[in-house]
Amino acid sequence: MRILGINAVFHDPAAAIVVDGTVVAAAEEERFSRRKHGKSPVPFSTWELPEKAAAWCLQRAGLDVSELDAVAYSYDPTLVDASLDGVDAGGWEKLRTLYARRAPEFLKTALPGLDPGIVRFVRHHVAHAASAALASPFGDCAVLTSDGRGESESSVLGEYRDGKFVELAHQSLPHSLGLTYEAATAHLGFQRSSDEYKVMALASYGTPRFLPELRELVFTTGDGGFRTAPIDWERFAPARSRDDEFLPEHADLAASVQRVTEEVLLDLARWLHERTGHTDLALAGGTALNCVANTRLHAEGPFERVWVQPAAGDAGTALGAALQLAADFGEAVEPMGGADLGRGWSDDELEAWLRRADVPYERCADIAETVADALADDAIVAWFQGRAEFGPRALGHRSLLAHPGRAENLERLNDVKGREQFRPVAPMVLEDRAPELFSRGPVPSPYMLFVHDVAPQWRDRIPAVTHVDGTARIQTVSREDEPLVARMLAAFERRTGLPTVVNTSLNTAGRPMVDDPRDALECFGSAPVDLLAIGPFAVRRKGGAA
Ligand SMILES: [Fe+2]
């Protein structure tokens, strides 16, 4: 079966294609449209479809739209509780539902030749659940989803047995961990539905002194559900505008919200474990991008292994909806092999781009060695290799790299990216060396979805990637799965004694991650990056450190 998955309703529109139970391609619309998050997260943008991502997925799979067996749309408008108007839609809920109902017709316009009769609606949280459990390497496992909202719910707990989803509990709206966290995000002066990870980073600077009060408002109910009461945030800290200074109580509020979210997730995981007895837990939904909470689930929760869908936000529901339909059709679904499901270019195509841009470049005998040399000389390197990542993290395909031993590189990178200075950058590390440097979080951790403690004897050696609380959000790199990145890390270690490199996403302020070669050249041309390593080619900045 050939199934196209579509996420369009809330934010992060994306498409994915699954052929005979195998994920062939997945991509977010923002990487094509160059508009961060693809669209505005308002109810009246529900009609906007991931047109370019969907067309590319078909092209990558070598399929004409007429050859599709089904389109899986990760929202079922028949499940919307009409009385919910106002939870987050400000009176526009009915319009959102109408747009979702009409999605088959909109899709026909976006993908000429599509038969609207093959579009199937997949419940939003089942799409999240499938994106976790069916894409994971686990087979049968427990699954927990949590986000802002789906049709009428914000969380589902269940299990997959023989590819079939069995629901055990769900939490209906208006109660929502994601919407509560989003409200805190907005109160703290960040962008709702976008900047939640900044709250998590800010939390490290505070103490959770409002936790007792928040526990009265956000708590589990012992049946796989929870309650989230409306919160008067002003009680704890004044609303902050984007350019205002941070007060200590802002960090304390971030720490308190973070902690109560972790506690609820841990309680839900314990309940789910008691009910299912599984050793493995799969997670998805925007809340699962909270790597501090994930680490507590791994370290303190009852499950032996925890796997998080790398595109845990709504983009991943495009993939999950397609996988769920494949399973519903009785197909055996293959776990996803990696997050590099986006676009890629051949060396010849890359060289054609460089010629066209008329920039001096060289073809390297081994780009891994060239980059290791440059990094050892304290260059900032734009690393463009292989297929683009699906999901919000750069995982060694579209990355900015730097020397982790120089504390000032945190500031340098945050300047390149126009980010707040409290934001940490993360290390990529050879998987077999990771246990020596990092503890508490799981190894392997290939998708940067957990935080680890940096071993005390390493903290001073890799200050650029050690967060203020002594943690780091690592990506482990396997020599088998990522041979080029692993070779670069090994070459860097030979030069510096450090088996780790700073890795942050390849983009500048407010832009989506670089996806195609032109984006890479534009990024290189507009930011103080010393070296662009694009395929086997090196482009050097005149007078730069490389
Ligand atoms: Fe969602």
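The values are calculated or read from the model by the stated rules, or taken from the named source; none is laboratory data. Bear in mind that the values here come from a model prediction, so they are computed numbers and not experimental data. No Cβ is skipped: glycine too gets one built from the backbone with ideal geometry, and neighbour counts run over all protein chains shown. What goes into the accessible areas is simple: the full protein's heavy atoms, side chains included, and nothing from ligands, DNA or RNA. Shrake-Rupley method; radii C 1.70, N 1.55, O 1.52, S 1.80 Å.
Check cross-link reach from K417 to the aspartates and glutamates: straight Cα distance under 19 Å, and skip same-chain residues fewer than eight apart.
Cross-link targets: E30, D195, E196, D243, D378, E389, E408, D515, D516, D519, E522, D530.
Counting alpha carbon pairs within less than 8 Å and at least 6 residues apart, what relative contact order, in whole percent, applies to the chain?
15 percent.
Full extension from A82 to L95: what is 0.36 nm times the residue separation minus their Cα-Cα distance, to one decimal in nm?
3.6 nm
Leaving out ligands, DNA and RNA but keeping every protein chain, what accessible area does C523 have, in Å² rounded to the nearest 10, with a 1.4 Å probe?
Per-residue accessible area (C523): approximately 10 Å².
How much length would be gained if the chain were fully extended between A186 and D347, taking 0.36 nm per residue of separation minus their Cα-Cα distance, in nm to one decimal?
Once the chain is fully extended between A186 and D347, it gains 53.6 nm.
When only C-alpha pairs under 8 Å and at least 6 residues apart count, what is the relative contact order of segment 448-546, in percent?
Here the relative contact order equals 14 percent.
Once the principal axes of the Cα atoms of segment 420-546 are found, what is the range along each, listed largest first in whole angstroms?
40, 33, 26
Ignoring ligands, DNA and RNA, what accessible area per residue does the chain give at 1.4 Å, in Å²?
Counting only protein heavy atoms, the per-residue value for the chain is 37 Å².
With all pairs of different alpha carbon atoms counted, what Kirkwood hydrodynamic radius in Å does segment 81-240 show?
For segment 81-240, inverting the mean 1/r across all distinct Cα pairs yields 18.2 Å.
Give the value in nm², to one decimal: projected area of the alpha carbon convex hull of the chain, averaged over all directions.
23.1
Sort the following peptides by mean Cβ neighbour count (other Cβ atoms within 10 Å, averaged over residues), highest first: 215-225, 280-290, 173-183.
The most tightly packed comes first, giving 280-290, 173-183, 215-225.
Given the -39500 (n - 2.57) contribution per DSSP H run of 4+ residues, what per-residue ellipticity at 222 nm results for the chain, rounded to the nearest 500 deg cm²/dmol?
The helix contribution divided over the chain gives -10000 deg cm²/dmol.
Starting from 0.36 nm per residue, how many nanometres of slack lie between A509 and R479 once their C-alpha separation is accounted for?
7.6 nm
Reachable lysines from K52, Cα under 21 Å, same-chain residues fewer than 8 places away excluded?
Once the sequence-local lysines are set aside, what remains near K52 is K36, K39, K108.
For V468 and K542, FRET efficiency with R0 = 30 Å and r from the beta-carbon atoms, rounded to 0.05?
Efficiency at R0 = 30 Å is approximately 0.25.
State the Cα centre-to-centre distance between segment 416-458 and segment 301-340 in whole Å.
24
Can you spot the aspartates and glutamates whose alpha carbon is less than 12 Å from K198's alpha carbon? Ignore those fewer than 8 places along the same chain.
The reachable aspartates and glutamates, counting only those whose Cα sits under 12 Å from K198, are E182, E420.
Based on the mean of other Cβ atoms within 10 Å per residue, sort peptides 24-33, 462-471 so the most packed one is first.
My ranking of the peptides, most packed first, is 24-33, 462-471.
For segment 372-430, take every pair of Cα atoms, bin their distances at 10 Å starting from 0, and report each bin as a whole percent.
All Cα pairs, binned at 10 Å, distribute as 21, 54, 25, 0 percent.
Please sort 142-153, 258-269, 348-359 by packing, taking for each peptide the average over its residues of neighbouring beta carbons within 10 angstrom, highest first.
142-153, 258-269, 348-359
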